[in-house]
Amino acid sequence: MTELRDFLDPGSVAQLERLQVVARKIAAGFLRGLHRSSARGSSIEYAEHRPYVPGDDLKHLDWRSYARTDRFYLKQFEDETNLRATLVLDTSASMSFSSGEITKLRYASCLAAAMAYLLLGQRDAVGLALAGESLEQHIPPRASAENLAGIYGAMEKARAEGRTDLSKVLSQLAERVDPGSLTILISDLLDDEQKVLSGISQLRQRGSEVIVLQVLDPCEKELPFNSWMVLRDIEDPSIEMRLDARQLAELYRENFIEHQEAIRKGCSAAEVDYLCLDTSAPFANTLGRFLHLRSRQR
Amino acid sequence: MNPLPDTFHNPYLWPLLLFALLPTLLYLVDRRRARRMDWPALRFFLTRQRARLRWIRLREALLILVRSLALFLVVYALLGPATRVERELSSSSSLNRGLVLVFDTSFSMSYSPAEEAGDLLKRAKARARALLDELRPTDSALIVSPRAVDRAPGDNLFDLEKTRLELEDLELGGGPFDLLHAIDNAIGKTALLSTDIREIYIFTDHQADSLPAREERSLEFLASRLAALDPAPSITLVDCGAPETSNHRIVEFKSDSLVTGTDSAIGFHARVAPAPGASGLHLRVTVNGEVIASRPLEEKGPAVREISFSHRFSSAGTARVSAELVGEGAGDGLPGDDARHLVVEVLDRLEVPIIQNSPDKGRAGGGHWLDLALFPRYGEGQPPKVIFRPVILGSAESGILSRSRVLVLSGIPAIEPRELELIENFVRRGGGLLVFADAETDRLFANDRLWQGGRGLLPAALLKRQKAETGEAYHPVAVNLEHPVLSVFKGVSEADLDRLAIRSCWTTGPVKEKAVILSKTSGGSPWIIEHSLSDGRIIFFATGANPADTDLPRTPLFVPLLHRLIRYLALGSSLAIGCNQGGSLEVELETGERNAEIRLTLPDGETEKIADSAETGKRGVSWRKTAQTGFYSFDIGQENNDKRTVTLAVNMDPAESNLERIDADSLELLERKLGADRLRHSQDRNGLRQSVIVEFEHWPYALLAGLLLLLCELVLLRGFASSRAPQQAGGSS
């Protein structure tokens, strides 16, 4: 297990091309843990019978068949999903930043893919929303392998470009999500915190649970430079600034912490789970923390 | 007090002030080396922090300014800025004073202003006396003048009492006064003073010649010497001169030659500058006390008038010639320059030894033609009126050389080394030598003994004889007509010079560095060359003085040319040259006169016996007490035993008699270079203002301010740091 987790550091994952493979590898370590807690669907549409194997829940034994045949069969239904989850992936230009081997978008995509894989494995319906300046693509949640393949394909094609406007995107999404659904926002949240919180608030008002995963490059949290820099905004190249990084590092860090604190408090106030992720951190940790959040929800 | 400094002790550190620009330069260089980078959080950062960024920029500028100012002040302190403040000195002052009193004792200080009795030196002494009277017994003073007596070794150089006595004994003399030299000398003396205050007082008449114009480098040197002293001395120029002077003077009086013969007249030339408004003045010329000419000076005319006349002496001997201004109102403030004196040596016979290879060669030898030209024989009944007495010899003799002033070598005979030495010594002592190189000249001997690689008597080495083609001849070209001898050719047409045939001559190598080619042959080689050896003159002809080499002896030009040559070589200089007032008279003694009695008759008629005195050298007599102008006669030897009289003239230095004052520009330059606060002028007739320049050092304040600013910067940095100290956020959840 340890060896697998070591393998799944962000740098190694970045070298894998297909998200499907990535998702499987990332989620593989967590499948056994999820086994006992797989979600039970409430559908009554009969699908098929299968022989009982030790360990199956006796609740699903078809006693009538037993009476007739003296053998144990389990009755299976078409759909056991009880959660509709939408992964919201920020694809603004700022997500293309990388100070190491993996961009924030790639990291977020990998993470989202693994989550989708896990959720579907639990028979939850999973959808995807790509968030740029507006809601650019939306795949409604479904608990099918085809849908999952569509989600992977959309994420593979996603390019980090355009400006962030999470408020607008979340507002658009709020009109589409069902009450009681789960929305997982994966973004660097480098936008006005009030706008971000406003968008989250709309989702909450719609009755959706929200989990906010903030993905940041380690460099973004502070200005790790010892010289003068000419910084150009990734999302708006017309904004440029010549600054002495040594002089402004402190202010920048303060500013960043304030921003994060504001987001954290806003999320807390809206009963939204908030998690800040670092692109240098291994996926295993990140996914572990996510599942911890999920278990809290249940 | 002036808040700006007057001086900097370390001005060479000025370039260090550029260090003040260092923070700004580093800031700019650092800025230029900025790395470019795309940054995701910039827009959102700027949106949140625009106001604070402006403050940070302002803060940076403030810090750079403070840092630069601090560095500037530290370097400024290193420059040693100081302001000089003048403080009145009183007898109650606790500061010890050291004075160096420099006196201009040149003869311009003998000017007597009409409004007061006594001359300018007396005026200067009175002011210095008043100055010394102000001093306390613990103070020090020293007189510096050319006439001051050196203190004995071990004596206190600055002893006040001895200085007072020296002041009373101070007399005129010592030659022209050089103000810059005097300041330099005084600075050297003040360096020896160990007093709290060093003061230099220069008592001078501000005569223009004492400060040559635009001596900027000398002034800079003096300024650096002054600056090197701590405490730096103050310099007071005490103006003892008369703003308005009345002086008429004979600027110059000279004769064509200081030696002449009875056979021709000699010209005298005087330049006279009467005082403005003077009238009834005459220039009177006397020879041995007898008036020979008197010329009135017109009231109106140029400031300096030139008067010339000629005189032919009738008898041989030493003639005392004086030119003096006489008439009503002739007396003025400076009588020393109202008369000028000359001693002219008059000859009625000048022996001209001519040495040629074989004296009895007759007309074929050059000596014959020279003899004829120098002493033309018109017949027994008509003896020539010339002073030349040629004598043809086969070799040089010491006896005849000692009596002669000129020697002619007709051809270059093979002279014995002893004779050659005699001739060389004769020339070096001022004798004239005329050399004709004829066909019989031995080239190897001439080059070996007389050229001596440029150290001998010849101006150039002989190369070979150059003969014109049969029926052809060379002619003189490029004749220097401005030369006093060759000016005889003035008026002679080129056609006449073309008829002057040169059939054969010697070609020469390169002439000596200071030799002058007076004429060349049309063949291109030098014909006549002049050069000098010590005090003597030598004129060299590349031809012989015989018709075989050139037609010159047969032409009418030969006689006047030769006479001019001999006069030029023999009578150009006189051994009886005097000196300027205050200078030293030198008389050379002959071998037999070493122990002879010497009696000197001064211009005022008094006599002094100076034989066996300390002033008698081994080879001559030196007399330095020449404050009087006029004639000084040295009678050498016993009354009836080959007594010899040498008369020398002493005149006032023409520069001393020019009472023009230093112009304001020169004084301003002097003041600017030495420092206006350091150099003062005093024209106070009643006394001198006693004050001292005290230096107020700026550097401690500048250094303190610089360090305070550095502290201020640290405080600002701390302040900024604390003002932005974050309220430590909880960080990521």
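The values are calculated or read from the model by the stated rules, or taken from the named source; none is laboratory data. All figures in this text were calculated on a predicted structure; none of them were measured in a lab. Counting neighbours? That spans all protein chains shown, and the Cβs are built from the backbone with ideal geometry, glycine included.
Looking only at region A:108-124, count how many residues are closer than 12 Å to residue A:279 by Cα, of a type outside the set (Gly, Ala, Ser) and in contact with an Asp or Glu (Cβ under 9 Å, 6 or more places away or on another chain). Spell out how you get there, then give the answer.
In the first step, residues of region A:108-124 are kept if they are closer than 12 Å to residue A:279 by Cα; the result is A:108-111.
From what's left, of a type outside the set (Gly, Ala, Ser): A:110-111.
Then drop every residue that is not in contact with an Asp or Glu (Cβ under 9 Å, 6 or more places away or on another chain), which leaves none.
Going through region A:108-124 one residue at a time, the tally reaches 0.
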What number of residues within region B:101-121 are modelled with pLDDT of 90 or more and over 26 Å from the mean Cα position of the chain (by Cα)?
0
Being part of a loop (DSSP other than H, G, I, E, B) and within 29 Å of residue B:111 (Cα to Cα): is that true of residue B:276 here?
yes
Some residue of region B:471-479 being out of contact with any strand residue (DSSP E or B) (no Cβ under 8 Å at 6 or more places or on another chain) and either surrounded by 13 or more Cβ atoms within 10 Å (Cβ to Cβ) or under 24 Å from residue B:557 (Cβ atoms) (or both)
yes
Within region B:416-465, take every residue that is among the small types (Gly, Ala, Ser) and in a loop (DSSP other than H, G, I, E, B) and give me the one that is nearest to residue B:542 (Cα to Cα).
B:437
Can you find a residue in region A:268-279 that is within 8 Å of chain B (Cβ to nearest Cβ) and either without any contact (Cβ under 8 Å) to a residue 40 or more places away in the chain or more than 15 Å from the chain's Cα centre (by Cα) (or both)?
no
Is it the case that residue B:598 is touching a Lys or Arg at 6+ places or on another chain (Cβ under 6 Å) and either modelled with pLDDT under 85 or not hydroxyl-bearing (Ser, Thr, Tyr) (or both)?
no
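Every residue, every condition in (1) buried (at least 17 other Cβ atoms within 10 Å of the Cβ); (2) in contact with a helix residue (DSSP H, G or I) (Cβ under 6 Å, 6 or more places away or on another chain); (3) modelled with pLDDT under 85, yes or no:
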residue: B:619; (1), (2), (3): no, no, yes
residue: B:624; (1), (2), (3): no, no, yes
residue: B:630; (1), (2), (3): yes, no, no
residue: B:637; (1), (2), (3): yes, no, yes
residue: B:640; (1), (2), (3): no, no, yes
residue: B:646; (1), (2), (3): yes, no, no
residue: B:656; (1), (2), (3): yes, yes, no
From the options A:156, A:175, A:193, residue that is within 15 Å of residue A:128 (Cβ to Cβ) and either within 18 Å of the chain's Cα centre (by Cα) or modelled with pLDDT under 90 (or both):
A:156
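Has region B:17-31 got at least one residue that is more than 44 Å from the chain's Cα centre (by Cα) and either of a type in the set (D, E, K, R) or within 30 Å of residue B:168 (Cα to Cα) (or both)?
Step one: filter region B:17-31 for residues more than 44 Å from the chain's Cα centre (by Cα), giving B:18-31.
From the residues that got through so far, the ones that are either of a type in the set (D, E, K, R) or within 30 Å of residue B:168 (Cα to Cα) (or both) too are B:30-31.
Yes; the residues of region B:17-31 include at least one that is more than 44 Å from the chain's Cα centre (by Cα) and either of a type in the set (D, E, K, R) or within 30 Å of residue B:168 (Cα to Cα) (or both).
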Quick check: is even one residue across region A:244-265 outside any strand (DSSP E or B), more than 23 Å from residue A:115 (Cβ to Cβ), in contact (Cβ under 8 Å) with a residue 40 or more places away in the chain and more than 8 Å from chain B (Cβ to nearest Cβ)?
yes
Matching residues in region B:243-255 - criterion: being touching a residue at least 12 places away in the same chain (Cβ under 8 Å) and of a type outside the set (Val, Ile, Thr)
B:243, B:246, B:247, B:248, B:249, B:252, B:253, B:254, B:255
Counted residues in region B:432-462 being more than 13 Å from residue B:504 (Cα to Cα), more than 36 Å from the chain's Cα centre (by Cα) and of a type outside the set (S, T, N, Q) come to 8
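Could you check, for region B:60-76, whether at least one of its residues is among the polar types (S, T, N, Q) and within 14 Å of chain A (Cβ to nearest Cβ)? Show your work before the answer.
Step one: of region B:60-76, the residues among the polar types (S, T, N, Q) are B:68.
Next, only the ones that are within 14 Å of chain A (Cβ to nearest Cβ) stay: none.
No, because not a single residue in region B:60-76 is among the polar types (S, T, N, Q) and within 14 Å of chain A (Cβ to nearest Cβ).
For every residue, the table says whether it meets (1) of a type in the set (Lys, Arg); (2) more than 8 Å from chain B (Cβ to nearest Cβ); (3) assigned to a loop (DSSP other than H, G, I, E, B); (4) on the phi < 0 side of the Ramachandran plot.
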residue	(1), (2), (3), (4)
A:185	no, yes, no, yes
A:196	no, yes, no, yes
A:200	no, yes, no, yes
A:204	yes, yes, no, yes
A:219	no, yes, no, yes
A:223	no, yes, yes, yes
A:226	no, yes, yes, yes
A:230	no, no, no, yes
If I ask for residues that are more than 13 Å from chain B (Cβ to nearest Cβ) and surrounded by 18 or more Cβ atoms within 10 Å (Cβ to Cβ), which ones from region A:160-171 would you list?
A:167, A:169, A:170, A:171
Any chance region A:116-131 includes a residue that's touching a strand residue (DSSP E or B) at 6+ places or on another chain (Cβ under 8 Å) and surrounded by fewer than 19 Cβ atoms within 10 Å (Cβ to Cβ)?
no
Which pairs have Cβ atoms under 6 Å, sit 6 or more apart or on different chains, and link a residue in region B:447-459 that is at positive phi to one that is of a type outside the set (Ser, Thr, Tyr)?
B:454/B:512
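From the list A:175, A:209, which residue is in contact with a Leu (Cβ under 7 Å, 6 or more places away or on another chain), among the charged types (D, E, K, R) and more than 14 Å from chain B (Cβ to nearest Cβ)? Walk me through how you get there before you give the answer.
Working: A:175 fails: in contact with a Leu (Cβ under 7 Å, 6 or more places away or on another chain).
Step by step, each of A:175, A:209 is checked, and only A:209 is in contact with a Leu (Cβ under 7 Å, 6 or more places away or on another chain), among the charged types (D, E, K, R) and more than 14 Å from chain B (Cβ to nearest Cβ).
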For region B:440-470, how many residues meet the condition of being surrounded by fewer than 19 Cβ atoms within 10 Å (Cβ to Cβ) and of a type in the set (Phe, Trp, Tyr)?
1
Using the structure shown, decide if residue B:143 is part of a helix (DSSP H, G or I), of a type in the set (A, V, I, L, M, F, W, C) and under 30 Å from residue B:336 (Cα atoms).
no
What about residue B:514, is it under 42 Å from the mean Cα position of the chain (by Cα) and in a strand (DSSP E or B)?
no
For region B:1-55, how many residues meet the condition of being away from chain A (no Cβ under 11 Å) and part of a strand (DSSP E or B)?
2
